[in-house]
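Working notes, structure below.
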Amino acid sequence: MSRLYFTADLHLGDELVADHRGYSNVNDYDEMIVETVISTVPEDSTLWILGDLMGWSSLRDHALFLLQHVQSETGVIMHLVPGNHDTCHPMHRHAHKEQSKYFGVFTSVQPFAKIRHNRGDILLSHFPYQGDHTVEQRFNQWRLRDYGLSLIHGHTHQTDPTEATRPNQVCVSWDAWGRPARLHEVMALLETDNPGGA
């Protein structure tokens, strides 16, 4: 069983997202996220969070506190690939001042990453190669270029992990999974989209 898990777009403390996801009380929503992560990710696993821990910069400490609780309950190693809502993303002017605040919870904080699976490289980013959850595609200067590598991402808030217009990409947003996704689940979708290899 894989010890790597992926999720994105938790939006802890975000009343608008909580309401959109069916919670009238944001505290109940936050509790659901925390309890789901604790019950899904086994002890001593690795969890990659691909951005948007919170909805607003004022919620940074709240989100980090909740994730520190997850870590203390599970012993999980967490890595962050920040999104546009995260104050440590380099798109924000004071990101260099913010990054250290995240290291109490995360082992690494980087704008994108690469993992290896079955001798193939898979990229990790908050943003897909193309597409958005708004009509106009935003944040183009912060997106990776598509040179054929598989990509695991968040940001789009799509309810299905894959989309025909975005081949070779899997979205691990909370909207798509309702929990962290295991590596083998994500790879099964990538291999379906790209039978020639990852």
Could you list, in sequence order, the residues of region 106-126 that are within 15 Å of the chain's Cα centre (by Cα) and surrounded by 14 or more Cβ atoms within 10 Å (Cβ to Cβ)?
106, 109, 110, 111, 112, 113, 115, 122, 123, 124, 125, 126
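Tell me the residue from 145, 119 that is modelled with pLDDT under 95 and farther than 23 Å from residue 18 by Cα, please.
On the way: 145 fails: modelled with pLDDT under 95.
Testing whether each residue is modelled with pLDDT under 95 and farther than 23 Å from residue 18 by Cα leaves just 119.
Test residue 186 against the criterion of being surrounded by 17 or more Cβ atoms within 10 Å (Cβ to Cβ) and part of a helix (DSSP H, G or I), and give yes or no.
Numbers: surrounded by 17 or more Cβ atoms within 10 Å (Cβ to Cβ): yes; part of a helix (DSSP H, G or I): yes.
Answer is yes for this residue.
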Residues of region 127-173 being more than 13 Å from the chain's Cα centre (by Cα) and within 16 Å of residue 113 (Cα to Cα), which ones?
129, 142, 143, 144, 145, 146, 147, 148, 149, 150, 169
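Name the residue, out of 147, 102, 129, that is exposed (fewer than 12 other Cβ atoms within 10 Å of the Cβ), of a type in the set (Ser, Thr, Tyr) and either over 16 Å from residue 4 (Cα atoms) or without any contact (Cβ under 8 Å) to a residue 40 or more places away in the chain (or both). Give the derivation first.
Working: 102 fails: exposed (fewer than 12 other Cβ atoms within 10 Å of the Cβ); 129 fails: exposed (fewer than 12 other Cβ atoms within 10 Å of the Cβ).
The match here is 147.
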Considering residues of region 85-116 that are within 28 Å of residue 74 (Cα to Cα) and among the charged types (D, E, K, R) only, the residue modelled with the lowest pLDDT:
116
How many residues, within region 52-80, are touching a Ser or Thr at 6+ places or on another chain (Cβ under 6 Å) and of a type in the set (A, V, I, L, M)?
2
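The values are calculated or read from the model by the stated rules, or taken from the named source; none is laboratory data. Given the structure is predicted, the values throughout are model-derived calculations rather than measurements. Here Cβ is always computed from backbone atoms with ideal geometry, including for glycine, and neighbour counts include all displayed protein chains.
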